[in-house]
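Read the structure below first, then the notes.
The values are calculated or read from the model by the stated rules, or taken from the named source; none is laboratory data. None of these values were measured; they are calculated from a predicted model. With ideal geometry, Cβ positions are generated from the backbone for all residues, glycine too; neighbour counts draw on all protein chains shown.
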């Protein structure tokens, strides 16, 4: 058996037979059947039209109601000192129209209170920032002191 395989022409012959078998198998397969898909054909009718003048007209009866109804509420409190004369249910006013004026006394008082509270909070913030800075400085001093004490401890241990 070794004698046959050692001959120079046997190996190429085996490779050639294997390639021939593969080619034969590929060629002998039946071709893949493809199915053609067709979209349904729609019948279309074309009509030529000409332009004619036409005026639309709609007549209706009943009650007209708005699609969106806005219910406005005041965000500030106070006495109303002016009401626009055309302000009534269903009225249409142009953009930017002053509808109501509220007496500013209560609002201004509330604004001043808020400003005073803000300045108090700002001063508290400054005080806390100064306290933070001094606490950080103290922390640095304590850390340095700890390092010195650790070195002293090591020195004493080396002596004993």
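With respect to being modelled with pLDDT under 85, assigned to a loop (DSSP other than H, G, I, E, B) and in contact with a strand residue (DSSP E or B) (Cβ under 8 Å, 6 or more places away or on another chain), residue 76 fits the description. Listed by first and then second residue, the pairs linking a residue in segment 67-95 that is on the phi > 0 side of the Ramachandran plot to a residue that is assigned to a loop (DSSP other than H, G, I, E, B) and at pLDDT 80 or above, with Cβ atoms under 6 Å apart and 6 or more places separating them unless they lie on different chains, are 78/103.
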